[in-house]
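The values are calculated or read from the model by the stated rules, or taken from the named source; none is laboratory data. Since this is a predicted model, take the numbers as computed values, not measurements. Every residue, glycine as well, gets a Cβ built from its backbone with ideal geometry; the counts of neighbours run over all protein chains shown. Accessible surface areas use protein heavy atoms only, side chains included; no ligands, DNA or RNA. Shrake-Rupley method; radii C 1.70, N 1.55, O 1.52, S 1.80 Å.
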Amino acid sequence: MESIQITDELFPAASKHATGQIDGVSTDATTLFFADRILVTLCQEGRLSQWIQVPLSAPSPAAVDMALVNESLLPMSHLTPKTLLGGGGEERESLAQLYAVQVASYIARRDSAERRTLVLGLGLQKLRPDREAFFDVLELIQKVL
């Protein structure tokens, strides 16, 4: 019988981690880069309550080309978020989907050849639709992308 040799190796998916403040609460952002998905989590006090996915590929290559020309901060029009788990009401779900599309737009503008699906996990105590919180969330997520 052959002996099995176990070796310590790093996790096979590349990852990044950062910590920051959102609404005065310490927030952890983590990204795992898999072959078919980009997993981004944003959690406070260890919670994850909403999961949204956004395919970065478009039904038509022309839709992507047209969206890439526009370098505004508006989300790209071909990206369609889908809530996988969680919700917390219509306003919370809409805001979470806006965050997911905004992050997906950032990824797609940074690398136009990216075709993986973004999966965003959010676990924020309060999901507020104000400008400061919005930019705090996006700034922290950009640190791990």
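Restricting the first member to segment 92-105 and to residues that are farther than 10 Å from residue 118 by Cβ, and the second to residues that are in a helix (DSSP H, G or I), the beta-carbon pairs closer than 7 Å and six or more apart or on different chains are 99/137; 102/138. Residues of segment 95-125 that are more than 18 Å from residue 51 (Cβ to Cβ) and surrounded by fewer than 20 Cβ atoms within 10 Å (Cβ to Cβ): 106, 109, 110, 111, 112, 113, 114, 115.
Is it true that residue 39 is closer than 13 Å to residue 103 by Cα, part of a strand (DSSP E or B) and at pLDDT 75 or above? So residue 39 fits the description; yes.
Of all the listed residues (140, 120), the sole one being closer than 20 Å to residue 47 by Cα, within 14 Å of the chain's Cα centre (by Cα), at pLDDT 95 or above and not in a helix (DSSP H, G or I) is 120. For segment 32-45, the set of residues classified as open to solvent by 60 Å² or more (accessible area, probe 1.4 Å) and within 21 Å of residue 13 (Cα to Cα) consists of 34, 35, 36, 37, listed by residue number.
Could you say whether any residue in segment 126-145 is among the polar types (S, T, N, Q) and touching a strand residue (DSSP E or B) at 6+ places or on another chain (Cβ under 6 Å)? Lay out the reasoning, then the answer.
Start the filter on segment 126-145 by keeping residues that are among the polar types (S, T, N, Q), which leaves 142.
Pick out the ones that are also touching a strand residue (DSSP E or B) at 6+ places or on another chain (Cβ under 6 Å) and you get none.
No, the conditions are met nowhere in segment 126-145.
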